Amino acid sequence: MNSERRKFLHGAALLGGGLFASRSMADTQHEQHTQPAKKPGTPTKPTRPAKPLESFQPTDVLTPVLTPDVPNLPFKVENGVKVFHLIAEPVRRQLLPFKTMEVWGYSGSCPGPTIQANQGDRVRIVFDNHLPESTTIHWHGLEVPIDMDGVPYVSQKPVPPGGRYIYEFTLHQEGTYFYHSHGAMQEMMGMIGMFILHPKKPYLPRVDHDFGIILQGWAILPNNSVPNTANMEFNWLTFNGVSAPATTPLLVRLGSRARIRIVNLGMDHHPIHLHGHQFFITGTEGGRAPESTWYPTNTVLVGVAQARDIEFDAKYPGDWMLHCHLPHHMMNSMSDLLGERMITTAATNEPQARSQMQAMAESIGVAHLHHAPIAANANEVPGFPQDAFMEMGMDAAVAKPETYGLPENWSAAMMGMMTMVRILPPEKYDEIMALKREGVKGKPADSPAPQHPHGSGK
Ligand SMILES: [Cu+2]
């Protein structure tokens, strides 16, 4: 154990001591059990510690991973073991300001909170099931003893509703991993979270920013909020449980080096494309890739059950798109948002269909209302008016410190599996980080979210 690591463990122990006020957890190592705390089927409320636990702390050799729109899972240190408490439970997730889905996740979040630990750590995950049915957790890619593998009936008994299971193992790997239910349809209800293992020896070259994004697809019928797990067509596509333009942009300081870790769990493979920069694929779901395998590219195909780490030097200032390039994954469910005002494809040659985006914006009360110009003879052109330009801005509805300073109607260009990598000159970067800190202090109303006046139609 090197001195940094010792220092880190010592610091974490100090920070963790006394913060965990809830009942004592099972201390027995390796004694896994399913323990129905209540009758199966009895609704349970999440038991959460009274005080926040310790979240992953950076040391001088590590950059913590930021998973936008998804929290970290806190932990306490108990006799040298990092103890996490994870609860499978129903979650209401707003994926756009006007669309909420009722999904399943972990500890109040879907995707589940990010677990961050260091290579070499011993971790204990105290897992409670607050779902109405049984479940288990599989640690995807982790080399753990078979009785920790989370496959119902094969490696453990299912954890019943109200039940608890203690997972405990030592992390000898490094890289981007994830956890998920081992029930396929529970996966499609959202039951996945990221599991980051920071390496003992930092990767080279060092990065200044490290982000994590989970890709998911949802089949939610119009005017519904619950995913249809048997459906084979997906109309909502999310980064970390949010569709663009509500995805929180990734802020990167100009001249720095950034890593983005992308994990996919769903029914589709996603070619993720970054604008304006070339990157290297530096890691997979199996850990760090040797540098001899790196090659420049700007699109990475992230297959189902895969993880891909990409790294690039942030050379060019600007607000650069990062998105799945499948055209239907760069859309939101228009028919769903339109609801009863849905315009059918059969009606696309009717003039009233022309401004369907405008109609949608009105129906859901979006403040936007620029509609890009159309030609005078537009209706004579085959294909029009499907309104393929598809703009529906909602700048004000999705404003947050990370969107500060974006050009007017920026949100009209963003839908589906998409976010923005904002490569900012240092002074602008520092300004927005200061705004974020203000927000954290509980003054969201004061946050200088841009409120552009609309209506000029220019
Ligand atoms: Cu895609």
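A protection proxy built from the mean count of other Cβ atoms within 10 Å ranks the segments 229-235, 433-439, 99-105, most packed first, as 99-105, 433-439, 229-235.
Model label sites at A434 and E408, defined 7 Å from Cα along the beta-carbon direction, differ in position by 2.7 nm. Ranked by the mean number of other Cβ atoms within 10 Å per residue, highest first, peptides 132-140, 299-307 order as 132-140, 299-307. Highest mean packing first, where packing is the average number of other Cβ atoms within 10 Å per residue, the peptides 188-198, 281-291 line up as 188-198, 281-291.
In the structure displayed, which of K201/K436; K200/K428; K200/K436; K400/K428; K201/K428 lie more than 26 Å apart, Cα to Cα? The answer is K201/K436; K200/K428; K200/K436; K201/K428.
Other residues whose C-beta falls under 10 angstrom from the C-beta of V126 contribute a net charge of 0, scoring Lys and Arg +1 and Asp and Glu -1.
Rounded to the nearest 0.05, what FRET efficiency do E78 and N379 give with R0 = 56 Å and r taken as the Cβ-Cβ distance? Could you check? It comes to 0.20. In this label model, M185 and Y295 are separated by 4.2 nm, measuring between points 7 Å along each Cα→Cβ vector. Looking only at region 271-305, which residues have a backbone nitrogen under 17 Å from a spot 7 Å from the Cα of Y316 in the C-beta direction? Answer for region 271-305: 273-280, 296-300. In region 159-307, what percentage of the DSSP-assigned beta bridges are antiparallel, given to the nearest 5? Around 75 percent of the beta bridges assigned by DSSP in region 159-307 are antiparallel ones.
Laboratory data are not the source of any read-out in this text; all were calculated from the coordinates shown. Every value quoted in this text rests on a predicted model; they were computed, and no experiment measured them. Every residue, glycine among them, receives a Cβ derived from its backbone with ideal geometry; neighbour counts consider all protein chains shown.
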